[in-house]
Amino acid sequence: MFLDTVLEVVRIKQEIREVDSEYALFPIAGPNEAHMVSHRLIGDEDREVFLVMCLNTQNRITAIHRCHVGSLNASLISPREVFKSAILNNSSSIIVSHNHPANSKQPSTEDLEVTKRLQECGRVLDIEVLDHIIVTPDGKFTSLREEGYM
């Protein structure tokens with residue numbers, strides 16, 4: 001049982017290293033930079049993919065984790081999975097993002113509920129959720145912080 005847990009942690013670190021070289025310490029000054037990274041990594045996926053960008057105290061990316069791959073129009077998100085990579089990477093904050101393959105940049109009710117729940121969990125863990133970005137295949141995006149949902 002203990003070995004399974006250790007293997008899971010190693011697997012996460014390997015996934016993070018794959019992206020780390022290109023985005024290591026990339027600064028996120030606002031939603032445009034978060035969108036650029038998200039769109040490049042998940043913008044053209046054919047299913048919803050939930051991405052977590054782990055940031056240090058200077059809002060530089062220290063790790064990126066593909067947290068969940070869902071269906072064509074849904075992705076069930078567990079705060080435990082979202083914050084696991086943030087905790088393992090000593091993140092002070094995170095930006096989460098996911099894609100809408102159907103090309104709609106409008107947040108769903110579920111998107112807003114997940115965001116609120118992640119913010120609550122982040123407060124308990126002292127890891128701030130800075131934004132939730134929704135990206136579309138055509139390059140458009142919505143920042144839930146800019147839209148006033150956060």
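The values are calculated or read from the model by the stated rules, or taken from the named source; none is laboratory data. Keep in mind that what you see is a predicted model, and the values were worked out from it rather than measured. Glycine also receives a Cβ, built like all others from the backbone with ideal geometry; neighbour counts cover every protein chain displayed. Note: accessible area is taken over every heavy atom of the protein model, side chains too, but ligands, DNA and RNA are not part of it. Shrake-Rupley method; radii C 1.70, N 1.55, O 1.52, S 1.80 Å.
I want to confirm something. Restricting to the stretch 95-135 and keeping residues that are in contact with a Lys or Arg (Cβ under 6 Å, 6 or more places away or on another chain) and at pLDDT 95 or above, which single residue is nearest to residue 26 (Cα to Cα)? It comes out as 131. What about residue 84, is it at pLDDT 95 or above and over 11 Å from the mean Cα position of the chain (by Cα)? No; evaluated as a whole, the condition is false for this residue. Selection of first residues in the stretch 107-128 that are touching a residue at least 24 places away in the same chain (Cβ under 8 Å) and of second residues that are acidic (Asp, Glu) and open to solvent by 60 Å² or more (accessible area, probe 1.4 Å), restricted to Cβ pairs under 8 Å at least 6 apart or on distinct chains, gives the following pairs, ordered by first then second residue: 107/147; 122/128. Screening 63, 86 for residues that are assigned to a strand (DSSP E or B) and touching a Cys at 6+ places or on another chain (Cβ under 6 Å) leaves exactly one candidate, 63.
Considering each residue of the stretch 98-112 in turn, none proves to be within 14 Å of the chain's Cα centre (by Cα) and either open to solvent by 50 Å² or more (accessible area, probe 1.4 Å) or among the basic types (Lys, Arg) (or both).
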